[in-house]
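Here the structure comes first, spelled out in structure tokens, and everything after it is commentary.
The values are calculated or read from the model by the stated rules, or taken from the named source; none is laboratory data. From a predicted model like this one, the values you see are computed outputs, not experimental measurements. So basically every Cβ, Gly included, is an ideal-geometry build from the backbone, and we count neighbours across all protein chains shown. Ligands, DNA and RNA are excluded from the accessible area calculation, which covers all protein heavy atoms including side chains. Shrake-Rupley method; radii C 1.70, N 1.55, O 1.52, S 1.80 Å.
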Number of protein chains: 2
Amino acid sequence: MKTRFQRVAIIGVGLLGGSLGLALKQHGLAAHVVGIGRRQASLNMAKDVGAIDETFLDVRQGAAGADLIAICTPAQDVIHQLDTLRDAVDPETIVTDVASTKASICAHATATWPQPLRFIGSHPMAGSEKFGPAHARADLYEGSVCLVETNELADPVSRDQIVALWEGVGARVVNVSPEEHDAILARTSHLPHVAAAAVALAAIRCAPDSAMVGPGFRDTTRVADGRAELWRDICLTNRDALLEGLEDLQQTLHDFQSALEHSDSATLEQLFQDGREARRKVLGS
Amino acid sequence: MKTRFQRVAIIGVGLLGGSLGLALKQHGLAAHVVGIGRRQASLNMAKDVGAIDETFLDVRQGAAGADLIAICTPAQDVIHQLDTLRDAVDPETIVTDVASTKASICAHATATWPQPLRFIGSHPMAGSEKFGPAHARADLYEGSVCLVETNELADPVSRDQIVALWEGVGARVVNVSPEEHDAILARTSHLPHVAAAAVALAAIRCAPDSAMVGPGFRDTTRVADGRAELWRDICLTNRDALLEGLEDLQQTLHDFQSALEHSDSATLEQLFQDGREARRKVLGS
């Protein structure tokens, strides 16, 4: 299924939104792309790089007449955007988002949006520590995985179009319920981010000569270079699952501590061995 | 200073020992390289790849007549090797090791070895998750950093020769006291390893579809693929500094937990921001 949209409105023209605009245009999936944002400078930049054709500071004005709206703001803001859009757009309009958490957003849409539901949540697993429209790339989604919400109340045709959209820009779609999405991402993405930040904070206390810092530290903490407000929002919108993950992480660190305190060589080796095997299973390698 | 050794004995012909042998031969820094190990199969493999010229299962026999001995066993085993060698080798022989912890090893050598001290501890920060002589590479140390022990009791000429050795195989030498070495490595290397293993263990509990696991998890946990017995030894020989680091890490995770429990947006953002800045400072970027 190949979908061509007439008028796509992208709310938030940062790395993800800007790259979506570029990719839609490059693949001929959109006739006209409208960019909506809070800062005219970002919108101008997105227009300059060719990600959007037209700019709007007002969400309702910009979204009017769109057949697809992609909310590409941080997670915490998506619900607010849905509330702003709800009475302003045609019920036929298909809406998606790109936030890294899904349960609270999809539950809110299901509870407040007209039925049959044409909001279908997405989580394209692309991006990097870079952000802003200046880093937008037409191939950002090429070869990536995009998680798309399963919801029995969703309009099947709209859902197919969202799947076609992501496949059209090069992503492989994996279907998942919002609750399962958040439970898994809490432990494979959000918890690693928290751990990376905590490891960096523990390291700075010894004020190391950076010549003595190896590639292991660089990799382990790479994701800590992400934008603080983005990760704040992700954590707050996936609070309960992340708290459960943190509890587990603390317990395992306590097991390491206890083994070390007792110089318990066998337990220590087993913990590292189990960690190694767990990693391989999680990665499917 | 360019040093050429007549007879180098390498105890432990794994990735680090095997690569040292290959590099010494490639750079013409050793006339004859003896490999000493516990398993004949590993020794044969090291000889087959050209890392060593001769094999010995007996440490004292193999080390006899060497002008340089490099102990390339796991950290926990170095002290035992020093004790085995002490009465068997000429006091003129220069000895080094490649273990990832230095305080306990260097203290033991200082306390038990003849003076002026010709044992100079080294920690080449090279290697990977791969191990064994089959992965040995002549260029493993090229462009890496090698930390070399500072010790006022060390024989200056021997120390210069150890520095020349590492520079000769392409490493940049950084001088550091064993205590400072261990305090810094506890937090920039050993603690990240423990955290990576703990993150992997927390992730496997949600039994994720590996298609849903992004590159952030892969990088954050990469070091958890290291060999369990190697990391067990490193942790046990740097117990106190690592326990202090674990205490700090647990406290920071507790701060994250508390901020999440109270949905304290400002504190959460500040923690991520501080983590980001800490990482950049540690890496000197």
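Here is a check on your reading of the model: is residue A:217 in contact with a Pro (Cβ under 7 Å, 6 or more places away or on another chain), within 20 Å of residue B:248 (Cβ to Cβ) and at the interface with chain B (Cβ under 7 Å from one of its Cβ atoms)?
yes
Report whether or not residue A:35 is on the phi > 0 side of the Ramachandran plot and either of a type in the set (A, V, I, L, M, F, W, C) or modelled with pLDDT of 95 or more (or both).
Taking the combined requirement at face value, the residue does not satisfy it.
Using beta carbons and a limit of 8 Å, which pairs, at least six apart or on different chains, have the first residue in region A:269-285 and over 12 Å from residue B:196 (Cβ atoms) and the second one in a helix (DSSP H, G or I) and among the charged types (D, E, K, R)?
Here the result reads A:269/B:229; A:269/B:232; A:280/B:225; A:283/B:218, each pair linking region A:269-285 to a residue that is in a helix (DSSP H, G or I) and among the charged types (D, E, K, R).
For region A:156-166, name all the residues that are without any contact (Cβ under 8 Å) to a residue 40 or more places away in the chain and not β-branched (Val, Ile, Thr).
A:156, A:159
Determine if region B:81-94 includes at least one residue that is open to solvent by less than 10 Å² (accessible area, probe 1.4 Å), part of a loop (DSSP other than H, G, I, E, B) and either at positive phi or touching a residue at least 60 places away in the same chain (Cβ under 8 Å) (or both).
no
Which members of region A:128-175 meet the condition of being open to solvent by 30 Å² or more (accessible area, probe 1.4 Å) and hydroxyl-bearing (Ser, Thr, Tyr)?
A:128, A:150
Please go through region B:113-144 and pick out each residue that is under 24 Å from residue B:188 (Cβ atoms), of a type in the set (A, V, I, L, M) and at pLDDT below 95.
Of everything in region B:113-144, those that are under 24 Å from residue B:188 (Cβ atoms), of a type in the set (A, V, I, L, M) and at pLDDT below 95 turn out to be B:125, B:126.
Which residues, taken from region A:113-127, are more than 22 Å from residue A:170 (Cα to Cα) and open to solvent by less than 10 Å² (accessible area, probe 1.4 Å)?
Result: A:117, single match.
Could you please find all residues in region B:168-181 being of a type outside the set (A, V, I, L, M, F, W, C) and either part of a loop (DSSP other than H, G, I, E, B) or touching a residue at least 60 places away in the same chain (Cβ under 8 Å) (or both)?
Answer for region B:168-181, where residues must be of a type outside the set (A, V, I, L, M, F, W, C) and either part of a loop (DSSP other than H, G, I, E, B) or touching a residue at least 60 places away in the same chain (Cβ under 8 Å) (or both): B:168, B:170, B:177, B:178, B:179, B:181.
Scan region B:23-42 for residues that are of a type outside the set (Val, Ile, Thr) and surrounded by 24 or more Cβ atoms within 10 Å (Cβ to Cβ) and jot them down.
B:23, B:24, B:30, B:35, B:37
Collect the residues in region A:217-245 that are of a type outside the set (Asp, Glu) and open to solvent by less than 20 Å² (accessible area, probe 1.4 Å), keeping them in residue-number order.
A:217, A:220, A:221, A:223, A:224, A:226, A:228, A:234, A:235, A:238, A:242, A:245
Which of (1) under 17 Å from residue A:158 (Cβ atoms); (2) in a helix (DSSP H, G or I); (3) among the polar types (S, T, N, Q) does residue A:76 not meet, given it meets every other one?
(1)
Please state which of the following conditions residue A:184 fails to meet, knowing it meets all the rest: (1) in contact (Cβ under 8 Å) with a residue 12 or more places away in the chain; (2) open to solvent by less than 50 Å² (accessible area, probe 1.4 Å).
(1)
Considering only residues of region B:57-80 that are of a type outside the set (A, V, I, L, M) and touching a residue at least 40 places away in the same chain (Cβ under 8 Å), which is least open to solvent (accessible area, probe 1.4 Å)?
Among those that are of a type outside the set (A, V, I, L, M) and touching a residue at least 40 places away in the same chain (Cβ under 8 Å), it is B:62.
What tally of residues in region B:95-112 results from selecting those that are touching a residue at least 60 places away in the same chain (Cβ under 8 Å), open to solvent by less than 10 Å² (accessible area, probe 1.4 Å) and touching a strand residue (DSSP E or B) at 6+ places or on another chain (Cβ under 7 Å)?
The qualifying residues number 6.
Show the residue pairs that are 6+ apart or on different chains and have beta-carbon atoms under 9 Å apart, the first residue being within region B:234-263 and facing chain A (nearest Cβ under 7 Å), the second being among the charged types (D, E, K, R) and not in a helix (DSSP H, G or I).
Once the first residue is facing chain A (nearest Cβ under 7 Å) and sits in region B:234-263, its partners that are among the charged types (D, E, K, R) and not in a helix (DSSP H, G or I) give B:245/A:205; B:248/A:205.
Which is in contact with a helix residue (DSSP H, G or I) (Cβ under 6 Å, 6 or more places away or on another chain), facing chain B (nearest Cβ under 7 Å) and not in a helix (DSSP H, G or I), of A:208, A:192?
Within the list A:208, A:192, the selection yields A:208.
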